[in-house]
Amino acid sequence: MSGTYLGMPAFPKAAHEAVHNATLRGNLRHATHTIRGKRAKAVAEMSDWAELREAGKLIKDHTLRHLDRYLVQLEESVTAAGGTVHWAVDADEANRIVADLVKATGETEVVKVKSMATQEIGLNEALEAEGIHAYETDLAELIVQLGKDRPSHILVPAIHRNRGEIRDIFAREMSEWGRPAPEGLTDTPAELAEAARLHLREKFLRAKVGVSGANFMVAETGTLVVVESEGNGRMCLTLPETLISVVGIEKIVPTWQDLEVFLQTLPRSSTAERMNPYTSTWTGTTDSATADGPSVFHLVLIDNGRTDTLADEVGRQALRCIRCSACLNVCPVYERAGGHAYGSVYPGPIGAILSPQLRGTASEVDASLPYASSLCGACYEVCPVAIDIPEVLVHLRERVVQGGPVTEKGNKVVLKPAKGHAAERAAMRAARWAFSHPGALRTGQRLASRSRRLHPRTLPGPGRAWSATRDLPTVPAEPFRDWWQRTNGGKGMSK
Amino acid sequence: MSSRELILGRVRRALADVQQDDTPYEQAVPRSYLREHGGLGVEETVELLAENLADYRAIVHRTDTAGLAGVIAGMLAAHGSESVLVPPGLPEEWLGVTEVPRVHDSAASTAHELDRVDSVITGCAIAIAETGTIVLDGSPDQGRRRITLVPDHHICVVRVPEQVVSSVPQALERLDPTRPLTWISGPSATSDIELDRVEGVHGPRTLEVVLVTASED
Ligand code: SF4
């Protein structure tokens, strides 16, 4: 399907390469540690963080439990406010809908707000094939797009690039796409940002069609919300005549009031700020007399594996994710391997559980993802909607090696155990990779012993079953066994 | 079958294991978190707003209604502005002192025209102390969303204490979701290059907020 990075090696091989890239490792370490420290401070300002987290979890769970009802309500509200709602079962359908909508305007270019959903469906490539140029307008996405590259972090997609590389990309590529970089461009961040400002402004001012995702959709009012920093989001949501928003069906919250939870937890978890510089909300279209914002609004609701994920009783909690990226920044495996190793638009711990669910575990890269973790639990601890990522990881590992019932494209099927299959080999190689990097594992375990005391919980049955029937290959598995013994298979962690 | 029916059908089948539950939404999600943090008095709340705005690199001024026009004239002069954009409902007296030529926004003005203006002055719908945020809702003293976006210098006037709330929950209560809202916390910023914060990529690079109290008389 679209969104799989074709030709990507499975996690262990990609991670192996990343670990040996010193620049990448240095950048990542700096980034994740900086954001991690700042986040802890921003969260500590909120004495009711635990309650906000619980409310966020409950709101999302409730919404998922009644998702059909809320989808219909959202559709009614958006329509009543002057928007048009489209439904897309998969990436191909979503891309076709967007391409047709753009063509109907007679335009051949669109400006884009950074959006995971459109990356997931490979929208830019699909539009390009139809002769439509999609310009990314987030600075990091611009760096990635000009560098003919892939994003490597949810929040700071170009974190794998340093300033020298960015200068070279701008100097070399900008003229190909529009306004060239200024003569004598240096590598200071301020100058680089200025070059991007000038390059993109020319595009914003003439753009007739904007494409965005959304962080939230309010069923009650039909309101969409985009949270950002740079103002490129506001540009794309305000200046064009036509706005097309492509949003996963799980992004709904029932009421306007619910935003009070997420507008407090998302910025602090994500950029570690009290509030991100800009948040825009819009409800349908505004009347043409005031001409405030797009006069035509299309909402494309995408499934693309989400209903299959919803069908999994353990795995469905991944749909609570608000894409804050906090779990990436605390993950010892992500820190060393980098985002590209995950081979999907969703990297890090959330990617390790979301991608194999959205896409199934048929490919080698997807089968290996549930192993891209030391199960240390740090991701669970920081998650503002309390997704138990380790629980889902273990559940998915069991699915890979033991098979079992899953839902694929809406149909119940029974997966065969992957024994002797490439998937299992991939899985085992991944496990071996993690265990042969004791640094990664140790960091994980230290965090684990601290956090488990605060969050007593046990690993679910599947984890025990998996460990009982599989012996991890060769000696490097030792730390895992130690951990297993110390915690009595995950049961004795509440001390 | 339409994709709509297909997706809704898949959702329903996916939830087959979930028990029917008709608890009304207000009860389904208990909200034990705080409505505001700290229980500050009126003066302290305004103080916190000023602090948090400044912490996010907005420039904060304080004055009373009598002094407002002078402060605005001073800001435009200091910024070297040769034109200032005004929304249709901006109080005349705010610009009583400055000589800088005004540009009146209209639905007909294009983004390119706005790009040539040096500064813009608006009121606001509400300001949130805990986060250092001003919220615009497109009322006549704030104008269309684009006028606070394209020019590089935004001056925003907040009437204190009437327009100040403590927290995000209090703000949402007072805002109308059917209006297009823009929440602004400091000037445009990016940390995309090695996490070095740089002000102003696409929005205004300078945000000045004037906190105005009513004059004594
Ligand atoms: S899983 Fe949780 S921590 Fe990770 S990105 Fe999603 S919401 Fe944030």
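At a glance:
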{"item": "Residue A:133 long-range amide H proximity, modeled H, under 5 Å", "result": "A:109, A:110"}
{"item": "Tensor-based shape of region A:17-162 (alpha-carbon gyration tensor, a/c under 1.5 rounded, otherwise prolate or oblate)", "result": "oblate"}
{"item": "³J(HN,Hα), Karplus 6.51/-1.76/1.60, whole Hz, each residue of region A:169-176, x for Gly, Pro", "result": "4, 4, 4, 7, 9, 4, 5, 5"}
{"item": "Theoretical ellipticity at 222 nm over chain B - DSSP helices of four or more residues, -39500 (n - 2.57) apiece, nearest 500", "result": "-7500 deg cm²/dmol"}
{"item": "Fraction of antiparallel bridges per DSSP, the protein assembly as shown only, in percent to nearest 5", "result": "35"}
{"item": "Whole-Hz ³J(HN,Hα) from phi, Karplus 6.51 cos²θ - 1.76 cosθ + 1.60, for region A:184-199, glycine and proline x", "result": "x, 4, 9, 9, 6, x, 4, 5, 5, 5, 5, 4, 5, 4, 5, 4"}
{"item": "Free-standing Cys, the protein assembly as shown [no other Cys Cβ under 4.7 Å]", "result": "A:236, A:321, A:324, A:331, A:376, A:383, B:124, B:156"}
{"item": "Partners for residue A:38 among aspartates and glutamates (Cα-Cα distance below 19 Å; same-chain residues under 8 apart left out)", "result": "A:48, A:228, A:273, A:335, A:381, B:51, B:55, B:130, B:192, B:194, B:196, B:199"}
{"item": "Euclidean distance of C-alpha centroids, region A:310-358 and region A:72-116, integer Å", "result": "26"}
{"item": "Percent antiparallel among DSSP beta bridges (both partners in region A:203-337, rounded to 5)", "result": "40"}
{"item": "Chain B: antiparallel DSSP beta bridges as a percent of all, rounded to 5", "result": "25"}
{"item": "Which listed pairs, of A:114/A:203; A:60/A:409; A:148/A:208, have C-alpha distances above 27 Å, in listed order", "result": "none"}
{"item": "Residue mean of other protein chain beta carbons inside 10 Å, A:252-259", "result": "4"}
{"item": "Region B:40-213: C-alpha gyration tensor shape, a/c 1.5 cut-off, then a/b vs b/c", "result": "rounded"}
{"item": "Cα-based shape type of region A:244-322, given that a ≥ b ≥ c are square roots of the gyration tensor eigenvalues and the cut on a/c is 1.5", "result": "oblate"}
{"item": "Order of A:217, A:235, A:174 under a 10 Å beta carbon neighbour criterion, fewest first", "result": "A:174, A:217, A:235"}
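Readers should treat all values here as calculations from the given coordinates under stated rules, not as data from a laboratory. In this text the structure is predicted, and so the values were computed from the model without any measurement. Neighbour counts are summed over all protein chains in view; Cβ atoms, including those assigned to glycine, are modelled from backbone coordinates with ideal geometry.
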